[in-house]
Amino acid sequence: MAQLDQSVLDEIRARADIVDIVGQYVVLKRAGHHYKGLCPFHSEKTPSFTVNPERQIFKCFGCGAGGDVFRFLMDSQQMGFMDVVHELARQYGVVIKVQEADSQQEQKRVQLRRLNHEASMFFQQQLQQPVGQIAREYLQQRGISTEIQQRFQVGYAPESWDQLLLHLQRQGFDEVLLAESGLFKPSEKSGRLYDFFRHRIMFPIVSVNGDILAFGGRTLNPDLGAKYINSPETAIYQKGQHVYGLNLAKKAIRSKDRAILVEGYLDVISAHQAGFEETVAALGTALTPDQARQLLRFSESKRIYMAYDADSAGQKATDRGADILEQVAQGALLRVQVIQIPDKEDPDTFLQKFGPEAFEQLLASAPDFAVHYLDKQLSQHDLSNPVDKALAAKACLQTLQRFKDPVLRDEYLRYVAQRLEITEQALRDQAQQARRRPAKKGFQKAEAPAETPRIQPLPLQDRDFMSELGLLHLVLSAPSKAAVLAELSEMRFADSYNEELRQYLVTMAEAGLELGWQDLLSVFPGAEVQQRLSEISENPAFQHLDFEKSLADFSRNVKLKCLGTQMQQLSQEIQQMGSHSGEAPADSDASHDTALQAQGAEADQQATYQAKMMQYMELTQAYQRLKQMSL
């Protein structure tokens, strides 16, 4: 059986930001150092679900759910642990180190990434060689600086049939891997491989985590084929799953809380050079749900500016892209705005001609997608003609039916009435009839998620239970751990999961090892322990504690609980011993020896009884002393 290497889990945790992952399923809003949203595990109207980006854990104060990124996906998507590991590893480019069959496939992915890296370095070197002069001149004409070329790893594929092939062969890559890389094609006549990209400006397609997955090439000779060609799908690259430039744009998207979506490689590069580093492209005119999910998770307000070309294909792509974004947002109030690029221009040429200030003005004046779409519908009719006006109203009302938010629907209805120069009431009367018909797809609010059966909620009102959690919080968070560990080593927790954590932490401390939150989440993947760990981390009662007072209070409460339990057990044992003392033997004719044995057993029992009574009195005195300290 294949065994998973612990380093795989550690690397996934390092790469898979829990805010990004949870943000794909929950609309999160920043609240101080945390993020909050509606819990996906139970129905609620007021957010009680929090995500801690520092400790990489989530916690719901409504239903008690909590844990790390693995636990979130296991519970929210009903996935097994290994399914989650494989999915996150695929998404974040982590190689799963195993000892059996699928290790070969993973090894192939590793080799393909290394091959692509070598190919990218080759293309970049060729750009700086004399053979790359024509490519450098082209980039200079397009206003692309050397610095921005290096940032995007732009290169040049020479006009050669085998230069890249020979280079990679010298690097030790075998024929099979080269054939599967997407960088070469087999000759129809001889079957020999030849370079797929020739005499082209090369744009590496990079994953959000920085791995080179594929390439796009822009021809420098229109006679050599299509203007743009891209790598085919491979073991590490699937079309529609990656967003061009997102690896460089994600930080700016978060800081500016907006993303600009364009069509082409040079649109992205020119925008970044002009200061719009939140710009990305969909690697093709059709935005896919996977790309939309990646894009939306980095913007808290879900504000997306679409800056597609002004031609017919670009406008159709805008409509499809906005609809995909609305569906993926799952009912969140999405802010899609359409940048009005002048006819015969694209973002690249517009920035070259008019500069960043003019582009910023386009952003400031960009209408939201609903207004853009309604305007387009209205422009298809002669509004001076009563019949056309009625048809325009009908078309717009069909669009308005898609909006489930009543405030938005009402605002857009007012806008349409003003554009048609009719009363709002006339349009509302027609809207009442339109609402009785089923709405088209798009702009749909997702149904409330079915409640997932959860583990038992924690007894947060129990003082003793919370004191156990408090001591665990101190040993994990307090700067001085020695005093806490000294207390923990002398007590036993009533809650079995808390006790499991206590024993582990004490054992590790005795071995000279210090563990953090992520270590514990890795060691204890079970839902019950992760639930407690998230409570320890996120419960407001444990924030800003006075260390000495809290240590004393928590320890006293746990010790009182422990003493009380011991006293109760001893009391029951003493009562049982008392009920059996003085009983006559069952056989009155028992021998003298048997009688002596009975007397000896009774004496032993009496001694044990006295010892237990003494122990009970000592426990009672200790209990009373501790109780006095709490007054």
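The values are calculated or read from the model by the stated rules, or taken from the named source; none is laboratory data. The shown structure was predicted, so the numbers you read here are calculated from the model rather than taken from an experiment. In this analysis, Cβ positions are derived from the backbone assuming ideal geometry, glycine residues included, and neighbour counts consider all displayed protein chains. We work out accessible area using only protein heavy atoms, side chains counted, and drop any ligands, DNA or RNA first. Shrake-Rupley method; radii C 1.70, N 1.55, O 1.52, S 1.80 Å.
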For a test of the definition: using alpha carbon positions, the gyration tensor, and the 1.5 limit on a/c, classify the range 185-236 as rounded, prolate or oblate. oblate
Indicate, rounded to the nearest 5 percent, the antiparallel portion of the DSSP beta bridges found entirely in the chain. 75
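Assuming R0 = 30 Å, what is the FRET efficiency of Ala622 and Met508, from their Cβ-Cβ distance, to the nearest 0.05?
Efficiency, rounded to the nearest 0.05: 0.55.
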Reach of Lys627 by Cα under 23 Å, taken over lysines that are not fewer than 8 positions away in the same chain: Lys549, Lys559, Lys561, Lys612
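From largest accessible area down, sort Tyr35, Tyr497; use a 1.4 Å probe on the protein chains. Could you put the intermediate results ahead of the total?
Details: Tyr35 30, Tyr497 75 Å².
Per-residue accessible area, sorted high to low, gives Tyr497, Tyr35.
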Subtracting the Cα-Cα distance from 0.36 nm times the residue separation, let me have the gained length for Asp257 to Lys481 in nm, one decimal. 76.7 nm
Rounded to the nearest 500, what is the chain's calculated 222 nm mean residue ellipticity when only DSSP H runs of at least 4 contribute -39500 (n - 2.57) each, over all residues? -17000 deg cm²/dmol
How far is it, in nm, from the label point at Lys376 to the one at Gln105 when both lie 7 Å from their Cα along the line to the Cβ? 4.0
Ratio Rg/Rh [Cα only; Rh per Kirkwood] for the chain: 1.14
What's the carbon and sulfur percent of the chain's accessible surface, probe 1.4 angstrom, rounded to a whole number? 50
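For Cα pairs less than 8 Å apart in space and 6+ apart in sequence, what is the mean separation divided by the residue count of the range 299-377, i.e. the relative contact order in percent?
On the way: 83 pairs, mean separation 28.6, N = 79.
Averaging sequence separation for qualifying contacts and normalising by length gives 36 percent for the range 299-377.
For Thr349, Thr219, give the ranking by accessible area with the largest first, probe 1.4 Å. Could you put the intermediate results ahead of the total?
On the way: Thr349 40, Thr219 5 Å².
Ranked from most to least accessible, the order is Thr349, Thr219.
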Could you state the accessible area per residue of the chain in Å², with a 1.4 Å probe and every protein chain left in place? 50
In nanometres, the difference between 0.36 nm per residue of separation and the alpha-carbon distance of Met614 and Arg320 is 97.6 nm
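Enumerate the helices in the chain for which the Kyte-Doolittle hydropathy averages -1.0 or more and the C-alpha atoms extend at least 30 Å along the helix's axis, using complete DSSP H runs. Walk me through the numbers before you get to the answer.
Numbers: long enough: 102-128 (40 Å, -1.46); 547-580 (50 Å, -0.63); 592-629 (56 Å, -0.94).
Sorted by number, the helices that extend far enough and score high enough are 547-580, 592-629.
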Rounded to the nearest 10 Å², the accessible area of Tyr237 using a 1.4 Å probe with every protein chain kept is 10
Relative contact order of the range 137-276, pairs being alpha-carbon contacts under 8 Å that are 6 or more residues apart, as %: 22
How big is the Cα convex hull of the range 44-171 in projection, averaged over all directions, in nm²? 14.0
So what is the relative contact order of the chain, in percent, for Cα pairs below 8 Å that sit 6 or more residues apart? 11
Straight-line reach from Lys256: which lysines fall under 16 Å, measuring Cα to Cα and dropping same-chain residues less than 8 apart? Lys29, Lys302
Straight-line reach from Lys185: which lysines fall under 28 Å, measuring Cα to Cα and dropping same-chain residues less than 8 apart? Lys108, Lys227, Lys239
Tyr194 versus Tyr228: modelled label distance in nm, points set 7 Å from Cα along the beta carbon direction: 2.6
For Gln141 and Ile574 in one chain, what is 0.36 nm times their gap in residues minus the Cα-Cα distance, to one decimal in nm? 146.2 nm
